[in-house]
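Report on the structure given below.
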Amino acid sequence: MNRALAACALAVAPCFASAQKDSTAKKSPADTTGRWSDFLPLMADEAKKRGIELPRPFGVGFVFYYLTRDIQVSDVAVGKNGAPPQSVSRFAQLGSRANVDNVNVKVDAWLLPFLNVYAIGGKIWNSSSTTIDVTLPPLLPGGMPRERIVTVPTSMQGTVLGLGLAAAGGYGPFFMTVDANWISADLGFDQALQGTIVSVRGGWNGKLESHAIRTWLVFTDWNTYAQVTGTATDPDDGGTLQFIVDQGPAYRYTYGVGAQYSVTKWFDVATDIGVDFHGGWYVGLIPVVRF
């Protein structure tokens with residue numbers, strides 16, 4: 001459910017424009033030959049006059065992502081055969097732990113030297129365990145209430161689409177970016193799940209044997225709370241059950257580190273690793289071809 005939104009919403013480590021001046025660097029023939037993509041970014045000449053090295057404007061990347069985290073279920077309502085759903089949360093407490101594998105394709109473009117826009121699409125594979133803690137009334141008057149704890153394993157897969165933008169700036173070798181994206185995941189429920197994720201990165205931009213390398217710290221706000229609605233078949237009599245589930249990440253914020261290395265002018269590799277300090281964590285690997 002909500003964990004799928006979180007998985008597909010990795011704010012892909014962007015290719016940052018370097019604010020470092022390098023007046024002594026020698027240009028290769030490829031640097032002086034015009035490419036069809038040179039019409040972007042707009043205002044590129046102004047940036048180059050200030051000694052800013054710009055990445056190639058277009059990119060196609062693959063995001064390989066794993067996430068594990070706790071999901072908080074705040075309310076569950078159930079109705080049968082068309083009856084209005086009624087909350088059952090007073091009878092049971094529910095919690096979930098999700099493990100998600102996600103593969104996305106990302107296409108991006110630098111419209112301005114400091115503004116990148118992108119679209120993503122991909123697949124999600126989710127496995128989770130939901131714990132149901134139910135307190136039942138005593139069998140005899142004056143007796144002790146009965147408690148039952150059941151763990152239910154589930155698995156699902158689906159598709160995801162998203163749009164985002166990243167704004168970047170810097171001074172000398174230091175930079176900061178703000179990345180925001182909107183995600184919609186189709187997992188077979190009545191409505192697609194939607195959410196927004198905002199990441200702030202700050203770090204250092206340098207060189208390693210003439211190749212660009214960047215490292216950063218990242219803070220992410222996972223605003224992926226959602227209401228899930230759907231129908232299921234009652235296993236007892238074959239009737240129809242309608243359900244509404246209000247749920248979201250148990251811990252909304254994550255804190256991490258990342259790095260990006262430019263193997264060539266047209267190929268970058270980046271990674272992001274983060275934790276929520278409550279047992280949840282994620283790791284992503286992002287190779288990107290730029291042209």
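The values are calculated or read from the model by the stated rules, or taken from the named source; none is laboratory data. The structure presented is a predicted model; accordingly, all values stated were derived computationally and were not measured. A quick note on method: Cβ atoms are made from the backbone with ideal geometry, for glycine too, and the neighbour counts reach across all protein chains shown.
Overview of results
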| quantity | calculated |
| --- | --- |
| Residues located in region 162-218, provided they are in contact with a helix residue (DSSP H, G or I) (Cβ under 9 Å, 6 or more places away or on another chain) and hydrophobic (A, V, I, L, M, F, W, C) | I183, A185, L187, L193, I197 |
| Total residues in region 38-47, condition surrounded by 13 or more Cβ atoms within 10 Å (Cβ to Cβ), at pLDDT 85 or above and not in a loop (DSSP other than H, G, I, E, B) | 1 |
| Residues located in region 179-224, provided they are under 19 Å from A167 (Cβ atoms) and of a type outside the set (A, V, I, L, M, F, W, C) | D179, N181, T196, S199, R201, G202, G203, N205, R214, T220, D221, N223 |
| Where a residue in region 74-90 is loosely packed, with under 12 Cβ neighbours inside 10 Å and its partner, wherever it lies, is of a type in the set (S, T, Y), with Cβ under 8 Å and at least six apart | N81/T240; G82/T240 |
| Residue within region 96-105 that is modelled with pLDDT under 75, out of contact with any Pro (no Cβ under 7 Å at 6 or more places or on another chain) and assigned to a strand (DSSP E or B) present | no |
| Residues of region 263-291 that turn out to be in contact (Cβ under 8 Å) with a residue 60 or more places away in the chain and either more than 30 Å from R35 (Cα to Cα) or part of a strand (DSSP E or B) (or both), as a count | 18 |
| Close pairs from region 236-257: first more than 11 Å from F219 (Cβ to Cβ), partner assigned to a loop (DSSP other than H, G, I, E, B) and among the polar types (S, T, N, Q), Cβ under 7 Å, at least 6 apart | G239/N81; T240/N81; G248/T224; P249/T224 |
| Qualifying position, being basic (K, R), at pLDDT below 90 and either part of a strand (DSSP E or B) or buried (at least 20 other Cβ atoms within 10 Å of the Cβ) (or both), among R148, R201 | R148 |
| Test: residue in region 127-139 that is touching a strand residue (DSSP E or B) at 6+ places or on another chain (Cβ under 7 Å), modelled with pLDDT of 95 or more and loosely packed, with under 15 Cβ neighbours inside 10 Å | no |
| Pairs with Cβ under 7 Å, 6+ apart, first in region 42-61 and at positive phi, second assigned to a strand (DSSP E or B) | M43/L112 |
